[in-house]
1. What distance in nm lies between label points placed 7 Å from Cα along the C-beta direction at residue 134 and residue 67?
2. Under a plain spin-label model, where a point goes 7 Å from the Cα along Cα-to-Cβ, how far apart in nm are residue 94 and residue 143?
3. How big is the range 36-147 by Rg and Dmax over its Cα atoms, in Å?
4. Given points 7 Å out from each Cα along the Cα-Cβ axis, report the residue 120 to residue 107 separation in nanometres with one decimal.
């Protein structure tokens, strides 16, 4: 284009869309974080959460639900993992063994790990991001985020 030519709106929008599209894909959380060994099968007990960090140094919980749940792994298909950061304002959640739910101490949001980490009470409208797990022998590995973006991140990349 010559220096004195006007840049048409169509050319401007077309040229601007490509970089924005890439940024949008990255922000959607589709990228996988690095693989991390979380625990050994023998060390996981029903109803007793295992703390670990994923992706990167973000807090997370591994939990054996004691019964088969959608997306669970292991011999009973009962082991799941979620980010430990509340989707409302990023406070670390705690596991309440009486209710079997994750509870945010800041604003009382509750999340049900038996129902995909869905928000079931409180101001959070989004469930906890679910961490994708796989077994490598008896090692439980975190390999990515199945749903959601971990609070405070533009994407889930480790």
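Read-outs throughout are calculated quantities, based only on the coordinates presented, and are distinct from any laboratory measurement. None of the values given here were measured: they were computed from a predicted structure. Cβ coordinates were reconstructed from backbone atoms using ideal geometry, including for glycine residues, and neighbour counts include every protein chain displayed.
1. Taking the two extended label points, one gets 3.0 nm.
2. About 3.5 nm, to one decimal.
3. 12.8, 40
4. That separation, rounded to one decimal, is 2.0 nm.
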